[in-house]
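To start, the structure itself, in structure tokens.
The values are calculated or read from the model by the stated rules, or taken from the named source; none is laboratory data. This is a predicted model, so every value here is computed, not measured. Cβ: placed from backbone, ideal geometry, glycine included. Neighbour counts: every protein chain shown. For the accessible areas, the whole protein counts, side chains as well, though only heavy atoms, and no ligand, DNA or RNA atoms are used. Shrake-Rupley method; radii C 1.70, N 1.55, O 1.52, S 1.80 Å.
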Amino acid sequence: MSMITLDEAKLHLRIDHDFDDQDIQLKLDTAEEQAINFLERQVYATEDELNLAITLNKAGERPMLINSSFKSAVLLLLGHLYENREEIGMANSSNVKYGFERLLNPYRIHIGV
């Protein structure tokens, strides 16, 4: 389940119809997964979810709550994935990569390549 709602994603994309909902949800899930993978840590939507994961010893190394930078990075990548469904040139994707990484770098556990 996404930490960002489908309604929030559609508002960001300025979409007011329902016929792309399944595609938007897929891209939203992908963007969240990519952000979590980049951070190399688990992210939780609520304090209760975080506490439960800690209690069950499933929270991983240095878990965190969702914050505005995480949310902005996910929505940035979502917009890119939604608007560019075909293969794209490097110039366009490098701007998105830079913004995505710039938003998430302060929260990343292992700074690497």
| field | Residue satisfying condition, being farther than 13 Å from LEU103 by Cβ and touching a His at 6+ places or on another chain (Cβ under 6 Å), within set GLU32, GLU49, GLU40, GLU61 | value | GLU40
| request: Give the number of residues within region 1-27 that are surrounded by fewer than 13 Cβ atoms within 10 Å (Cβ to Cβ), in a helix (DSSP H, G or I) and in contact with a Lys or Arg (Cβ under 9 Å, 6 or more places away or on another chain). | output: 1
| task | Give the residues of region 19-52 that are within 20 Å of GLY79 (Cα to Cα) and of a type in the set (Asp, Glu), sorted by residue number. | result | ASP20, ASP21, ASP23, ASP29, GLU32, GLU33
| request: Return only the number of the condition from (1) without any contact (Cβ under 8 Å) to a residue 12 or more places away in the chain; (2) among the polar types (S, T, N, Q); (3) open to solvent by less than 100 Å² (accessible area, probe 1.4 Å) that THR30 does not satisfy. | output: (1)
| Within region 57-74, is there a residue that is assigned to a helix (DSSP H, G or I), free of Cβ contacts under 8 Å to residues at least 60 places away in the same chain, over 19 Å from ILE111 (Cα atoms) and of a type in the set (A, V, I, L, M)? | no
